[in-house]
Structure formats: C-alpha cells, structure tokens
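K.L.:
Handing you a structure now.
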Amino acid sequence: MWRGILGRKIGMTQFFTADGRRMGVTVVEAGPCPVLQLKTKDKDGYDAYQLGFDDKKAKNASMAAKGHAAKTGNAPKRFIREIRLREAIADLEPGKILTIGDWSDIKEVQVTAKSKGKGFQGVIKRHGFHGLRATHGVKTHHRIPGSSGALTPTRVVKGHPNPGHMGCDWVTQKGLTLAKVIPEKNLLLIRGSVPGPNGGYVIIRPAQPFVPEKD
C-alpha cells in the first residue's frame, strides 16, 4: 500500500449506499501517477518518492522539467509532489505507475490541498470577531476591529488579529470517509469537506492509525 497519491478535485455528487441511504460525496480523480524520483536516507537524508500528475505540453515546460521527466520516460507534469516514507519500499522504483487499484480496503483518508482564496477580508470573517452592538450610538462601525494598541508598548503587537489576506493556504483535512473506489475510471468518492476549488490539485493519503507511544 502506497502512502499517498496525487489527484484533482472534480466536484460533488450523490452516492447511494447498499441499504439505500443517500449521501453527498466529492469526486476526486486520483492518478495514475508515475514515480519520477526516489529519495533515500543514505543519499538525501530521508525516504520519499516523487509523483507527477497531469501532463503538461512540452512547449510550456522548461528544459529542466522535460529532462527530469524524460529520465523515467514520462512527459512533464503540472503537479509534482513528494510523499514521505517512514521506511523504504522494496518494489518501488522510478517509472512505476501508481494507481488506486488496491485502495478498496481503505475506509478513511486525509486530503491536502490549497484552500479557496477569499481575498482581503475583515476581522469578522477572517478571525471570527463578534463586532460592535447594532444599537443607538454605534453609528456605522458595527464591523470594525476596535482598539488594537496599548500604552505600553506604543505599537501593535506582532501576531495581533487584523484584517488581511484570507485563504489560498495549504491545508490538510483529516478523517474523511472513503465511500467508494472506482479503479477503472481512477475516481474516489470521498465523504466530507475536501479543501480547494473544483479543478484544484489534491494529495490523498490513507488515514494513519493512532499508535500510542510505549513507556
């Protein structure tokens, strides 16, 4: 079992279980992903494998990207990420194509993606401020942040929640239910909040079981 695979978020649909219940799921196109490079603990200090997803036109790729992909006989890719390993996998080699054909036994996954960008937002949307009272005397200052400084020091302390850019960050959503695997179409039906917009790239990993530390 591979530690992860790359894919693309397609959108939402509905899925009917065996007992007739309807649930909303997110459709994710996962793989196939060629292994572009292997990282080893002896050479690089850690074990990992590098995957590529979604072919890029050769005219839009740099010479370095085309040469890197050509080492394994593949076209340059739009989305390239590393999957860390706790220990090396014996039958993993550059050029191997990873699919979701053996993911039928997985019940939970975690998805990493770039969240939707929301632009410049105020403190109520960005940090959950309650705002001022909408009563007599407050005028039109219901959504202002209020005082953000102090007499000592005479400046705004670093890290104070203020208005600013919101979203467009890499986030990981854990505990998502894998409702169905369709290997012939490279599709995963995931129940839960999958981050990112439709068409955005995602990294899907099987949920790791909790192993308590030994005393």
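The values are calculated or read from the model by the stated rules, or taken from the named source; none is laboratory data. Bear in mind the structure is a predicted one, so any value in this text is a computation, not a measurement. Glycine gets a Cβ as well: all are built from the backbone with ideal geometry, and neighbour counts include every protein chain shown.
K.L.:
Restricting attention to the range 8-50, and to residues there that are surrounded by 12 or more Cβ atoms within 10 Å (Cβ to Cβ), more than 17 Å from A69 (Cβ to Cβ) and of a type in the set (S, T, N, Q), which single residue is modelled with the lowest pLDDT?
P.N.:
Only one residue fits best here, namely T40.
K.L.:
So which residues in the range 167-187 are touching a Gly at 6+ places or on another chain (Cβ under 7 Å), surrounded by 14 or more Cβ atoms within 10 Å (Cβ to Cβ) and of a type in the set (A, V, I, L, M, F, W, C), if there are any at all?
P.N.:
L176 - this is the single residue of the range 167-187 that is touching a Gly at 6+ places or on another chain (Cβ under 7 Å), surrounded by 14 or more Cβ atoms within 10 Å (Cβ to Cβ) and of a type in the set (A, V, I, L, M, F, W, C).
K.L.:
Within the range 75-114, how many residues are in contact with an Asp or Glu (Cβ under 9 Å, 6 or more places away or on another chain) and either without any contact (Cβ under 8 Å) to a residue 24 or more places away in the chain or crowded, with 18+ Cβ neighbours inside 10 Å (or both)?
P.N.:
Summing the residues that are in contact with an Asp or Glu (Cβ under 9 Å, 6 or more places away or on another chain) and either without any contact (Cβ under 8 Å) to a residue 24 or more places away in the chain or crowded, with 18+ Cβ neighbours inside 10 Å (or both) in the range 75-114 gives 4.
K.L.:
Go through K59, K9, K66, K43 for me and flag whichever is of a type in the set (K, R) and assigned to a strand (DSSP E or B).
P.N.:
K9
K.L.:
Another question about this same structure. Could you list, ordered by first residue, the pairs with Cβ atoms under 9 Å in which the first is in the range 141-165 and at pLDDT 80 or above and assigned to a loop (DSSP other than H, G, I, E, B) and the second is surrounded by fewer than 12 Cβ atoms within 10 Å (Cβ to Cβ) and among the charged types (D, E, K, R), at least 6 apart or interchain?
P.N.:
H142/R133
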